[in-house]
Amino acid sequence: MMAELLTHVLVAYVLLTVGSWQIDGLTPRWVPIGMAGAAIPDLVKVGILVDERTVEALLGFPFSYGPISTIGGVVVIAAGITLCFTEDRPRVFGLLVAGGTLSLVLDGLRMYADGQASFWLYPIWWRPPTPSLYVTSDPRVTAVAVVVAAGVFLADRDASDAPSERR
Amino acid sequence: MRPGVRVLGVVLLGLLLVGMGSHYDANYENHWPYPTGDALESDYETHVGEQVFVSGTVQAVDRGNETVEILVETEQGELPLTVSGVSRDVQPGGALQVYGTVRPDTHLTADNVVVVNSAGSSRTFKYAVSLIGALLVVVLFFRHWRVDRDDIGFEVK
């Protein structure tokens, strides 16, 4: 029930790449970290591979994958991924959380039949109102993301080729 | 931070995530403003007349009566519901959100319907495209980062 992962990571790519044109510390190596962060809420789809009921049977208590697609879950998973890095961890963590939050915000703009999004602010139990802009399986959303990302990729390549600045 | 400390941290965060999964599951029903699929499944008739918001997979479409048969996933299995008032074009295999009223005999009258997937094929599209997204992240990542075997973890290339 979410904008698919490609759209999430492409939106992160576009924002971070454009941001890197202005912000000195935001070099190309940080872009895939933010993109990976944008994919964190989509890990909730692990439920397709391992059913919640199977996990409940293993644990012996009720369980839901739900928190993965929430602010609380993104922060915890981002922290875990951050510990897999040997250097620059604060910035890794910051970009993972920023990417994950971006995806949650995008998902919060989707259509919900009663006009309110999911509990994506968990541990705050509140469903923010949604402007109901799109449904996730709409290929036009993906198409727009691909076209904009391709444009940014080309602009970024030209900027990198320019003789003057940039590392 | 030594690798051992980081591994311990990952384990603790994993346990925290499992704890959150349990907390979320235990509290969801208290915060969800409608009867859940589980509640409908276990005691349907007591919820007749209430507003409900369910998601389900389309089983069958009856164009003559403008009804759609959906299956709602519950803890016990799948609950079949007949939804009337669906004017949107859907096919079996598609996914719907239904906001409506509970009627007797596992029947819902829809006030608003969102077609999440119009057919099973749109789900396939979503997963295929998501896979491309995941590959893109992995490829871009390893252009700038590599595995540090001594320290166990990722480092800048």
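Taking the stretch B:133-147 as the region of interest, how many residues are loosely packed, with under 15 Cβ neighbours inside 10 Å and either more than 17 Å from A:CYS84 (Cα to Cα) or facing chain A (nearest Cβ under 8 Å) (or both)? Give the steps one after another, and end with the answer.
Let us first name the residues in the stretch B:133-147 that are loosely packed, with under 15 Cβ neighbours inside 10 Å, namely B:135, B:138-139, B:142-143, B:146-147.
Filter once more, so that each one left must be either more than 17 Å from A:CYS84 (Cα to Cα) or facing chain A (nearest Cβ under 8 Å) (or both): B:135, B:139, B:143.
Counting residues in the stretch B:133-147 that are loosely packed, with under 15 Cβ neighbours inside 10 Å and either more than 17 Å from A:CYS84 (Cα to Cα) or facing chain A (nearest Cβ under 8 Å) (or both) gives 3.
Please determine whether any residue of the stretch A:65-74 is assigned to a loop (DSSP other than H, G, I, E, B) and touching a residue at least 12 places away in the same chain (Cβ under 8 Å). Don't jump to the end; show me each part of the working.
Initially, the stretch A:65-74 is screened for residues assigned to a loop (DSSP other than H, G, I, E, B), giving A:65, A:70.
Those still in the list that are touching a residue at least 12 places away in the same chain (Cβ under 8 Å) too: A:65, A:70.
The answer is yes; a qualifying residue exists.
Please find, within the stretch A:84-120, the residue that is surrounded by the most Cβ atoms within 10 Å (Cβ to Cβ) out of those that are closer than 26 Å to B:ALA26 by Cα and touching a Gly at 6+ places or on another chain (Cβ under 7 Å).
The qualifying residue surrounded by the most Cβ atoms within 10 Å (Cβ to Cβ) is A:GLY100.
Please work out which one of (1) of a type in the set (S, T, N, Q); (2) within 30 Å of B:LYS157 (Cβ to Cβ); (3) in contact (Cβ under 8 Å) with a residue 12 or more places away in the chain is the condition A:THR86 fails and give its number.
The single condition A:THR86 does not satisfy is (3).
Would you check which residues across the stretch A:121-138 are surrounded by 16 or more Cβ atoms within 10 Å (Cβ to Cβ), within 11 Å of chain B (Cβ to nearest Cβ) and under 16 Å from B:TYR28 (Cα atoms) and list them?
Across the stretch A:121-138, the qualifying residues are A:TYR122, A:ARG127.
Return yes or no: is A:VAL92 among the aliphatic types (A, V, I, L, M), part of a helix (DSSP H, G or I), more than 27 Å from A:ILE23 (Cα to Cα) and touching a Phe, Trp or Tyr at 6+ places or on another chain (Cβ under 8 Å)?
Numbers: among the aliphatic types (A, V, I, L, M): yes; part of a helix (DSSP H, G or I): yes; more than 27 Å from A:ILE23 (Cα to Cα): no; touching a Phe, Trp or Tyr at 6+ places or on another chain (Cβ under 8 Å): yes.
It is false that A:VAL92 is among the aliphatic types (A, V, I, L, M), part of a helix (DSSP H, G or I), more than 27 Å from A:ILE23 (Cα to Cα) and touching a Phe, Trp or Tyr at 6+ places or on another chain (Cβ under 8 Å).
Does B:SER118 count as free of Cβ contacts under 8 Å to residues at least 12 places away in the same chain and either crowded, with 16+ Cβ neighbours inside 10 Å or among the charged types (D, E, K, R) (or both)?
Details: free of Cβ contacts under 8 Å to residues at least 12 places away in the same chain: no; either crowded, with 16+ Cβ neighbours inside 10 Å or among the charged types (D, E, K, R) (or both): yes.
So B:SER118 fails the test.
Any residue at all in the stretch A:52-59 that is without any contact (Cβ under 8 Å) to a residue 24 or more places away in the chain, within 10 Å of chain B (Cβ to nearest Cβ) and among the hydrophobic types (A, V, I, L, M, F, W, C)? Outline the logic, then answer.
At the first step, the residues of the stretch A:52-59 found to be without any contact (Cβ under 8 Å) to a residue 24 or more places away in the chain are A:52-59.
Subset that is within 10 Å of chain B (Cβ to nearest Cβ): A:52-53, A:55-56, A:59.
Right, trim to among the hydrophobic types (A, V, I, L, M, F, W, C) and you get A:55, A:59.
Yes, the stretch A:52-59 contains at least one residue that is without any contact (Cβ under 8 Å) to a residue 24 or more places away in the chain, within 10 Å of chain B (Cβ to nearest Cβ) and among the hydrophobic types (A, V, I, L, M, F, W, C).
Name the residue, out of B:GLY21, B:GLY14, B:GLY56, B:GLY4, that is closer than 30 Å to B:GLY153 by Cα, surrounded by 16 or more Cβ atoms within 10 Å (Cβ to Cβ) and either of a type outside the set (A, V, I, L, M, F, W, C) or within 11 Å of chain A (Cβ to nearest Cβ) (or both). Spell out how you get there, then give the answer.
Working: B:GLY14 fails: surrounded by 16 or more Cβ atoms within 10 Å (Cβ to Cβ); B:GLY56 fails: closer than 30 Å to B:GLY153 by Cα; B:GLY4 fails: surrounded by 16 or more Cβ atoms within 10 Å (Cβ to Cβ).
Sole residue among the options that is closer than 30 Å to B:GLY153 by Cα, surrounded by 16 or more Cβ atoms within 10 Å (Cβ to Cβ) and either of a type outside the set (A, V, I, L, M, F, W, C) or within 11 Å of chain A (Cβ to nearest Cβ) (or both): B:GLY21.
Name the single residue, out of those in the stretch B:59-69 being closer than 15 Å to B:ASN112 by Cα and surrounded by 14 or more Cβ atoms within 10 Å (Cβ to Cβ), that is nearest to the other protein chains (Cβ to nearest Cβ).
B:VAL68
What is the residue count in the stretch B:103-114 for residues that are buried (at least 17 other Cβ atoms within 10 Å of the Cβ) and facing chain A (nearest Cβ under 7 Å)?
Within the stretch B:103-114, residues that are buried (at least 17 other Cβ atoms within 10 Å of the Cβ) and facing chain A (nearest Cβ under 7 Å) number 2.
Could you say which residue among A:ASP42, A:ASP51 is of a type in the set (D, E, K, R) and surrounded by fewer than 20 Cβ atoms within 10 Å (Cβ to Cβ)? If you could, list the steps in order and put the result at the bottom.
Numbers: A:ASP42 fails: surrounded by fewer than 20 Cβ atoms within 10 Å (Cβ to Cβ).
So the residue among A:ASP42, A:ASP51 that is of a type in the set (D, E, K, R) and surrounded by fewer than 20 Cβ atoms within 10 Å (Cβ to Cβ) is A:ASP51.
Since every read-out is calculated from the coordinates, none of them should be taken as a lab result. All of these numbers come straight from a predicted model, not from anything done at the bench. Here the Cβ is made from the backbone with ideal geometry for all residues, glycine too, and neighbour counts use every protein chain on show.
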